[in-house]
Structure formats: structure tokens, C-alpha cells
Amino acid sequence: MRWIPILLVGSSLFAQTISIAKLPDVKRIYERANDTTYVINFWATWCSPCIEELPYFEEANQFFSTEKVRIVLVSVDFRSQFESKVKPFVIKRKMKTDVVLLDEADANNYIDAIDPSWSGAIPATLVVNNYRDLRIFKGEAFTKEELFRLIRSTIN
């Protein structure tokens, strides 16, 4: 996995990590044998429902920052759009949640590996807590309340 750290300066100072990864790298994020809840959201810069729910993930990332919760936003934009679309999108919105661009050319190769019930539609979110043997997949957008309720249920 290639990590590209970016330090952004605006009205407030914050660090943002944007990386490019293959499927095995993404899976390693949430397949760890620990008691952390991993919330992996699959989205794209061209997806209106994805863009609508991204602020909920940003807010959840801040709200649950003292809990054993890690939120990662996995872009399924094309690798060729990393510099031209994904990075500018993240910078413009001052996103603080970790962003990974999934560098896989054929969606059919990764959809079933993420979750067999996934149709491939986005947004889609995988929630995993390996310590609690918990795995939840939702192949549609969240409301803020739904997302927060789901995360709370995995840490309580």
C-alpha cells in the first residue's frame, strides 16, 4: 500500500491521509484480530448519495475518536482520477477521515470479496468487529442517526 500523507492548512490545521491500495491492503485494515470496530465506507466522487452521507462519516469519526472505532472511506473512483478528482475532492471538503482509493480495475474481482451480498451499488458500508465476531454490511446510504446508532451498538 502506498501512503501519501497530505498536510492541509486552512482556517484550522489538520492532517489528512490519502492512500492508494489494492484489495488485500484494504482487507488488512479490517481483518485485524482486535476489539476495534472498523467502519469501511465505499463511495465515489460522482455518487450523489455517497456525497450526501460523507459528512455523517466525518462527524462520526470525530464523535467516536475516543472509542475503539476506526472509520475509513474507500473511494472506488478510477486510479487515473486520484490526482484530478479524488485528492481535490478531499481537500476541498477538508475531510479528516482516512481516505483510500481502491486500485482495482475490475469491480467483479472485489465486490464478492468484500461481501457476497453486495450488488456493487454504492454507497455501501462494511462494519466489522472481529473480537465480537460482528460483521454488518449495508448496501445503501445511511442517515446520520442510523450510522451513529449502528456504531454505538458495536462498541456497547
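The values are calculated or read from the model by the stated rules, or taken from the named source; none is laboratory data. Keep in mind the model is a prediction, meaning the values are calculated, not measured. As a convention, Cβ positions derive from the backbone with ideal geometry for all residues, glycine included, and neighbour counts pool all protein chains shown.
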When you go through P55, P49 one by one, which is the residue that is surrounded by 13 or more Cβ atoms within 10 Å (Cβ to Cβ), modelled with pLDDT of 95 or more and within 15 Å of F142 (Cα to Cα)? P49
Within the stretch 68-88, how many residues are of a type in the set (K, R) and within 14 Å of A105 (Cα to Cα)? 1
Taking the stretch 49-91 and the residues there that are touching a strand residue (DSSP E or B) at 6+ places or on another chain (Cβ under 7 Å) and of a type in the set (V, I, T), the one that is nearest to D35 (Cα to Cα) would be V69
Among the residues of the stretch 62-81, is any assigned to a helix (DSSP H, G or I) and aliphatic (A, V, I, L, M)? no
From the list D103, D112, which residue is out of contact with any Cys (no Cβ under 8 Å at 6 or more places or on another chain), exposed (fewer than 14 other Cβ atoms within 10 Å of the Cβ) and under 18 Å from A21 (Cα atoms)? D112
Scope the stretch 138-155; condition crowded, with 16+ Cβ neighbours inside 10 Å and either under 19 Å from A121 (Cα atoms) or among the aliphatic types (A, V, I, L, M) (or both); matching residues: K138, G139, A141, F142, L147, L150, I151
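Going through the stretch 19-37 one residue at a time, which ones are over 18 Å from D77 (Cα atoms) and not in a loop (DSSP other than H, G, I, E, B)?
Of everything in the stretch 19-37, those that are over 18 Å from D77 (Cα atoms) and not in a loop (DSSP other than H, G, I, E, B) turn out to be R28, I29, Y30, T37.
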How many residues of the stretch 106-156 are farther than 18 Å from F42 by Cα and in contact (Cβ under 8 Å) with a residue 12 or more places away in the chain? The answer is 6
Among residues belonging to the stretch 28-46 that are over 15 Å from the mean Cα position of the chain (by Cα) and hydrophobic (A, V, I, L, M, F, W, C), point out the one that is modelled with the highest pLDDT. W46
When you scan the stretch 64-89, how many residues do you find that are surrounded by 14 or more Cβ atoms within 10 Å (Cβ to Cβ) and under 20 Å from V128 (Cβ atoms)? 11
Pairing a residue in the stretch 40-54 that is free of Cβ contacts under 8 Å to residues at least 40 places away in the same chain with any residue that is hydroxyl-bearing (S, T, Y), where Cβ atoms lie under 9 Å and the two sit 6 or more apart in sequence or on different chains, gives I51/T45
